[in-house]
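Report on one structure; see the data block that follows.
The values are calculated or read from the model by the stated rules, or taken from the named source; none is laboratory data. The structure displayed is predicted, hence computed values, not measured ones. The accessibility values were calculated without ligands, DNA or RNA, using every heavy atom of the protein model including side chains. Shrake-Rupley method; radii C 1.70, N 1.55, O 1.52, S 1.80 Å.
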Amino acid sequence: MIGLIDCNNFYVSCERTLDPSLEGKPVVVLSNNDGVVISRSNEVKALGVSMAGAAYQYRDLFKQHGVRVFSANFNYYMQCSEQVMRIVRDYSPEVEVYSVDEAFIDLRGLEWKKPTEYLRSLRERVLREVKIPVSIGIAESKTLTKVASEFAKKNPSLGGIVNLYGDPVTRNEYLSKLEVGDLWGVGRQFAKFLQGEKITTALELIQMPDEWILKNLHIGGLKMAWELRGIPCIPFEANVAPPKQIMRSRSFGKYVTSLSDLKEAAALFMSMAAESLRAHKLVAGVAGVFISTNRFNDEPRYSASLSDALDEPTSYTPDLIAHVHRLLEKMYRSGYRYQKLGVILTDLGKGSDMQLTFAYNEKSLGQHERMMDVLDKINAKYRENHLVTLAAEGTEHGWQSKQEHLSQAKPAYVDPKERTRFLTTTSVPTNAKPPRKKGHTLEPAMQSRALGKQIAERMMREEPEE
């Protein structure tokens with residue numbers, strides 16, 4: 001027995017946690033650079049706005065119907081996701097986080113808890129504590145849980161949860177109402193083919209012989225059909241395999257022409273990639289960078305990418321930044337207006353498994369690990385401001401992606417377990433004593449310097465004796 005917890009219109013729901021007055025009103029969230037629609041409220045869906053539609057094409061429609069438009073705030077959305085997933089893990093030891101807004105939950109051994117009511121309490125708790133509405137599907141297989149959660153999402157009378165487990169009659173009733181093009185894993189080409197074969201619903205598909213499905217839809221289609229029949233074929237993966245590569249890239253909010261600005265962007269993106277690398281307890285053996293101009297205008301075009309092995313496998317941010325800076329210097333060509341840059345880390349593995357060279361220095365490695373550990377903990381605690389950064393990352397970031405519609409509301413959610421304000425926009429703990437004199441309040445830059453000094457002093461204290 002498997003359950004699927006699926007957050008409704010997730011990015012829009014996150015914006016509504018910041019401003020409850022948006023409830024019931026048409027809301028959209030736009031992608032990086034405010035280019036395309038990536039999340040729609042039900043009210044906007046009713047207006048015919050398509051997912052991934054170009055925002056400029058709907059400008060007049062948005063104005064006509066008073067649609068509230070927001071730039072994506074992915075840091076905040078990730079924090080909301082973490083709170084939802086933390087609650088989900090309280091309901092089962094086996095949870096597979098499928099995406100930022102979806103998680104499969106293993107219900108085997110929990111049948112005695114009456115799964116429908118058990119997960120209904122989960123839904124109510126998420127709504128109460130995080131203010132995010134979720135839809136839940138229960139079935140024998142992952143594909144069936146997707147079907148169940150979609151019906152739960154689209155039909156409010158179902159109370160946000162549909163249980164198809166052990167009920168083939170109800171299962172087939174729902175499958176008869178589901179178009180094949182809406183099935184998880186069916187793309188446009190397969191949908192067009194099936195419709196040409198007069199197969200329009202999921203029920204009609206699973207009633208076809210296995211030989212026909214295998215011949216025309218291959219092994220993936222056969223597994224999907226079996227899953228829809230209640231036979232699990234997609235394994236439950238609570239322990240997700242570590243990534244094989246980590247990449248961070250962005251399109252710039254305005255064109256970049258100077259090498260110094262490209263280096264600044266590369267440093268910021270590499271810092272983000274290195275933080276993710278350490279979160280997975282990995283090191284990288286190869287680092288690379290790529291740059292490109294706009295492919296869709298009449299200006300001179302140029303794109304390039306370079307990657308090279310590091311001297312030592314590492315997750316130490318300064319070394320990774322210095323490495324991609326050297327690569328950038330080789331790639332850069334003046335006279336072009338660059339639109340996009342990205343960094344990539346490959347040849348990932350655990351530090352204990354990586355081959356060392358004669359340049360290996362255990363003492364400096366220990367210092368680097370302690371420094372990065374302290375940096376990550378500080379930034380995790382005050383994540384909204386990302387207090388501690390490296391000088392190479394810069395401060396102005398005039399090239400940042402456009403966020404002209406970023407919400408100005410402040411998060412107010414407090415985790416009841418840790419009593420720590422994870423979703424805060426302040427730069428000091430909420431229980432900190434106010435300064436005695438206003439003039440002594442540290443500016444953000446000074447806070448970073450002070451924290452940097454504390455890190456250095458702590459490292460000196462922890463440094464082992466010769």
For region 96-178, with all protein chains present and a 1.4 Å probe, just round the carbon and sulfur fraction of the accessible area to a whole percent.
-> 53
Largest first, what is the accessible-area ranking of 125, 188 with a 1.4 Å probe?
-> 188, 125
Accessible-area order (highest first, 1.4 angstrom probe) of the listed residues 112, 184 = 112, 184
Please calculate the 1.4 Å probe accessible area of residue 348, with all protein chains present, and give it to the nearest 10 Å².
-> 40
Does region 176-238 come out rounded, prolate or oblate, given a ≥ b ≥ c as the square roots of the eigenvalues of its C-alpha gyration tensor, rounded meaning a/c under 1.5 and, failing that, prolate meaning a/b above b/c?
-> prolate
Probe 1.4 Å, all chains present, heavy atoms only: residue 65 accessible area in Å², nearest 10, is 80
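Using Cα pairs closer than 8 Å and at least 6 residues apart in sequence, work out the relative contact order for region 142-246, in percent.
23
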Quick one: pull the percent of accessible area on region 228-342 belonging to carbon and sulfur, 1.4 Å probe, ligands and nucleic acids left out.
-> 49
Quick shape check on region 163-275: root eigenvalues a ≥ b ≥ c of the Cα gyration tensor, a/c under 1.5 is rounded, otherwise prolate if a/b tops b/c, else oblate, and it reads prolate
Please report how far the C-alpha centroid of region 86-120 lies from that of region 217-261, rounded to the nearest whole angstrom.
-> 22
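With all protein chains present, how much of the accessible area of region 1-78 (probe radius 1.4 Å) comes from carbon and sulfur, to the nearest whole percent?
C and S atoms contribute 49 percent here.
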Over region 74-191, give the accessible area per residue in Å² for a 1.4 Å probe, as an integer.
-> 46
Mind grabbing the accessible area of residue 326 for me, 1.4 Å probe, Å², rounded to tens?
-> 120
Given a cut-off of under 8 Å on Cα pairs at least six residues apart, what relative contact order in percent is computed for region 1-129?
-> 28
Using heavy-atom solvent-accessible surface (probe 1.4 Å) with all chains present, what is the largest-first order of 233, 14?
-> 233, 14
Could you give the length gained on full extension between residue 333 and residue 241, defined as 0.36 nm per residue of separation minus the Cα-Cα distance, in nm?
-> 29.2 nm
